[in-house]
Every structure is written in C-alpha cells, then in structure tokens.
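The values are calculated or read from the model by the stated rules, or taken from the named source; none is laboratory data. Just so it is clear, the model here is predicted, and its values are computed rather than measured. Every residue, glycine as well, gets a Cβ built from its backbone with ideal geometry; the counts of neighbours run over all protein chains shown. Ligands, DNA and RNA are stripped out before the accessible areas are found, and what is left, the full protein with its side chains, is counted by its heavy atoms. Shrake-Rupley method; radii C 1.70, N 1.55, O 1.52, S 1.80 Å.
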Amino acid sequence: MRRELTEILQQALERAGAAGDLPAGEPPAWKVELPRNPAHGDFSSNLALVLAKRARRPPRQVAETVLAHLEDPDGLIAGTEVAGPGFVNFRMRPTAWAGVLRTIHAAGADYGRSAVGGGRRVQVEFVSANPTGPLHVGHGRGAAVGDVMARVLEAAGFDVEREYYVNDAGNQMRILGRSVYLRYRELGGADVAFPDDHYKGAYIRDLAAEVRQNRGDRYDSMPEDEAVAELGAWAGGRILDGIRADLEAFGVRFDRWFSERTLHESGEVDRILDELEASGAAFRADGALWLGTSAHGDEKDRVLVKGDGLKTYFAADIAYHLDKYRRGFDEVVDVWGADHHGYVPRMKAALAAVGIDPARLHVLLVQFVNLLRQGTPVGMSTRAGEFVTLREVVEEVGRDAARFLFLTRSCDTPLDFDLEVAKQQTADNPVYYVQYAHTRIASLFREAARAGVPVPDPARVDPERLAGQDEREILKLLYRYPEAVEGAATEWEPHRLAYYLQDLAARFHSYYNRNRFLGEAGPVTAARLVLAAGVRQVIANGLGLLGVAAPESM
C-alpha cells in the first residue's frame, strides 16, 4: 500500500510539473511513512517540505498544489489533509487494508523479510563471558539479545556472522587456575588459605575433584606457578565446553569462537602496537606506550603498554577490533554488560585514532537482571559462588520463556525476571500470552476442519467484512510487521519485535473474545478465518526470529 501511495504522489508531482504549477524534474529525496500517532492518519509524506525550497513557496502551498493534482484510480484513499508545517496526511479506505492478507498468504514464512541490508556484512559479537565459571542469568540476557539481533539483521538482508570472544588470557585465567589448585590441595589434605578474590563456587571444587580423581597427586609436587598455569588452561577448557553446551541448549549458535590467547601467541597484538606507534597514533611518555584517544573524544589518552612492559587489556581489545574490520565487516555489533559503559567512548576513540569510522561500531549495553522468585531477589556472585546459572533457569522455566522474557525490556534498562511468573500459564506471562494466540488459532482451524468449514483464499474474501474498527486495527498491525523487523535491525533494538508480538496477541485475543468465528459458512466466517490465518502466520514468523516455538497446542 505504501508503494502504491508513493506512486500516486509521484504521478501527482509529474502532473503538477507538466502543468507548470511546480518545478519539473526529479525532486529531492522524500518518503511516505507510517506516522507514530494514529491521529495523523494512516500514512504521512514529507514531499512538500523537501520541495518547498526548490519551488520557492511555503510547504503548505506546495502540499495543496500536489493534492490538487492527486488521482486515486483504485479508490484507496478515504481522505487527505495538510498538517503542521506542510506534511500531507492520508487516511485509507477501511477495505484497502485487507490486501495485506493476500501479501501474507503469498509470502508465508518470508513475510517480514526484506533486502534493506543490501548484503552488508555485519559481525555480532556477544556473550563472550570469561571461561572462569558457568553462565549465569545475566549472560543469558546478553545471549538472547545478541542472538535475536543477529536473526533480525539476517531477516533484513544483512550478511551476518556470530562470534564469541574467548577471554582466555590474562590475570583472570591465573586466578581460575590457582582457585582449582588450592581446592585440589585441600582435597589432598593440605591446609591452605583461600584468598577472597579467588573463585569460590561449587564448580571449582568439582573441577578440583575431577583433577584429583583422574590425575592423582601430579600437582602436589609440581612448582605452584607451573601447576596453576596448567590447571588454568585445563579448567578454562572444561568450563568453555559447558558454556558451549548451555548456549546450544538455549538455542544460540556461533559461527566462530575467537581466542584472545591466539592474538598474543601469533604476535598480532605486538604488530598492531608497532603499527600504531609508526603511524603516530600511539606515542611514548613516562616510560609507557599510549594511544592518543583524547584527540578523538575520549576524556584522556589510554595506556597500551605499561612501564613494566605489560600490555593492558585495552591493547588486546584494539587488536581484536582491528582484526574484525580487516576481515571485511562493514558494521560491528558488540553486546556488552552495562558495567562496560565507560569503555564505549574509549573504544570508539581508538577506532577513530586508527582511521576507522567509529559509527561503524554499535555497542548494545545489557543491564543487569534482577532474578526473583515470587518477588524475592535471588542473589548472584560468580566468585562467591552464590548464583543461579543459565542452565538452571532454562531447566526450570524452559527455553522459550527465558528467551522471550529477556527481550521484554530494552536491553539498556534493568530487567526483573521472576521465575514463578515465567512458569505461569496466564496473561501475566508474556511468552505464554503470545504463544497462546498462535495455539488458539491452530485450535480454531482444527475445529473448522472438523465442521467442514474451509479457510478460503484471501483473494476471495469480501473486504467489506473486514472494514470494522477492530478488524482494521489488526490489519494495520499485520501491515506494520515488516517495519517492526526492519526497525529492530536498523535501529539495533531487537526488543521491538517482542513488543510488537505482545501488541498483536493482545489485540487478537480481545477480538477473538468478542466475536464468533465459526457460525454458518458465509462471508463473515470466511473473512474472520482469513484474518486469523494472517495473525497466525505473523506470530509464527515473529516467534521464529526470537528463537521461540510457535506451538500448535499447549
């Protein structure tokens, strides 16, 4: 419908140009869009606003001129108005909206997909938790956000690659190795002091017990530094295996697992530092190597190599991000925890310092999850060992509920996740409410089949039977689905899709409760069944992008 309206306006503009009422020729770029406020009509165009300067007339006069030349041969338009500084608003005839059902029927599972991305390569890096402990519920939110971000980007025509950055180098791996080593020594009867900054979870004892059982007293006589290094690498690998399994069970896959350690072992970090210093982007002062990020919006310059020769985490992060762009990605999406908010301007400044447009980096900050049980907070602390793992959450509430609930708020706002609500089969549970709409329609069609009532071709349905206010609001929502997917992708806001599905489900449930679907076979029954079929298809498509099942029964 938007394409048809754009063509109608284009033809009106050409007629106005041929008549000498407006300048002839191709106008500046303009658009027809769906207004956020329904009071502004069904569609709105900024054509008059962008043409006013060239026409040397006020935008409202230009708008009136365009409307004077407007022709609507198919009778789609019910009314027009010039609003505000010169917007042209359109109200479509109620029957015009029924055409979206034919579009949905023809496209099926592809309805909502587009080519807006033009095949641009995008890398989405997410989760990337240190392999020092199992994934907790906060990691689960980042996993859901990153995975759905990748899915909607693919649906919008981008070429997407998913990556997990394994932080398997540095001090945290030494602390992991020493934590396992100390528990191992305890199991051997040694009296050890366990530092407060070491990992204390039960999983550390389990790992130490596995070492003691399979390798005996091998590490009792080994020099501590050597034992810590070996146990850190082994334990990190075992934990990473568990992370892989948990993410697979959560419906998350990665195209690549990138090891931080390989950046150092290959000499890539040193090569990047040499490049930065040779180009003048990095400089030496006070015995250290610095990156001049203050010239690019950062609050101060940042150390890359300390005076004692140790490289900072920032140095490895820069090398890693340069590697991403050198692999040919047009855009990079990083999904980070909210505690990294101060790191964002630093990283963007670093990219600018090395000649990469910082606008090509998109950082989604994932706020904390307040895990509740019947309103009572459940504590989480990886080192203290008092936390609920993602695996435990998925086993208790199910993958679908966990994934959907993680997306019921924008990722940059805190989220209350109540385990008991997630298990309820009521309207208070958003995922149940949306899935139940799909199930309800599936049940409706099974009942129709038993009654011998066929679901007709949308092209054969009388649009007048779908011209009521309730039907029209549902049809307009169905029409907006591709826009919801595109907006989620191009605005880097995957939660938009969950919002959309909740809105659609709520409108359909309300409509279903007020109307009878299976009366005598006739035009009303046929129209309502086709409408329900469109809703079912869109809900299935949307849930698929969220990685959530669309059940036929519950």
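Quick one: length gained pulling V192 to A24 fully straight, 0.36 nm per residue minus the C-alpha distance?
Residue separation times 0.36 nm, minus the Cα-Cα distance, leaves 51.8 nm.
Rg to Rh for the range 1-44: what is it, with Cα atoms only and Rh by Kirkwood?
1.06
What are the extents of the Cα atoms of the chain along their three principal axes, in Å, largest first?
91, 64, 35
Return the whole-Å distance between the Cα centroid of the range 201-245 and the Cα centroid of the range 456-470.
66
Label points 7 Å out from Cα along the Cβ direction at A451 and E299: separation in nm?
For the pair A451/E299, the computed spacing is 6.6 nm.
Would you mind counting up the charge near N513? Only other residues with Cβ under 12 Å from its Cβ, with Lys and Arg at +1 and Asp and Glu at -1.
Here the count lands on +3.
Compute the Kirkwood hydrodynamic radius of the range 57-102, taking the inverse of the mean of 1/r over all pairs of distinct Cα atoms, and give it in Å to one decimal.
After inverting the mean inverse Cα-Cα distance, the result is 11.8 Å.
Expected output is a single nm value to one decimal: the length gained when fully extending between S443 and Q213, i.e. 0.36 nm times separation in residues minus the C-alpha distance. What is it?
Contour length minus the Cα-Cα distance gives 77.3 nm.
With a 1.4 Å probe and all protein chains left in place, how much accessible area per residue does the chain have, in Å²?
Accessible surface, normalised per residue, equals 45 Å².
May I ask you to derive the FRET efficiency for A202 and R56 from their Cβ-Cβ distance with R0 = 51 Å, giving the value to the nearest 0.05?
That gives a FRET efficiency of 0.10.
Got a number for carbon plus sulfur as a percent of the chain's accessible area, 1.4 Å probe?
With neighbouring chains kept in place, the figure for the chain is 47 percent.
Quick one: if the Förster radius is 41 Å, what FRET efficiency do Q425 and F258 give, using the C-beta to C-beta distance and rounding to 0.05?
Rounded to the nearest 0.05, the efficiency is 0.50.
Total Lys pairs in the chain closer than 24 Å by alpha-carbon, pairs eight or more apart in sequence or interchain only?
Number of lysine pairs found: 8.
Going highest first, how would you order 58-68, 344-354 by mean Cβ packing within 10 Å?
344-354, 58-68
Which FRET efficiency, nearest 0.05, do N171 and H362 yield, Cβ-Cβ r, R0 51 Å?
0.95
Highest mean first, what order results for 222-228, 175-181 on Cβ atoms within 10 Å?
Packing proxy ranking, top to bottom: 175-181, 222-228.
Can you give the translational diffusion coefficient of the range 198-294 in µm²/s, computed by Stokes-Einstein from the Kirkwood radius over Cα pairs at 37 °C and 0.692 mPa s?
188
Helix-derived [θ] at 222 nm for the chain: sum -39500 (n - 2.57) over DSSP H runs of at least 4, divide by residue count, nearest 500?
The helix-only estimate for the chain comes to -16000 deg cm²/dmol at 222 nm.
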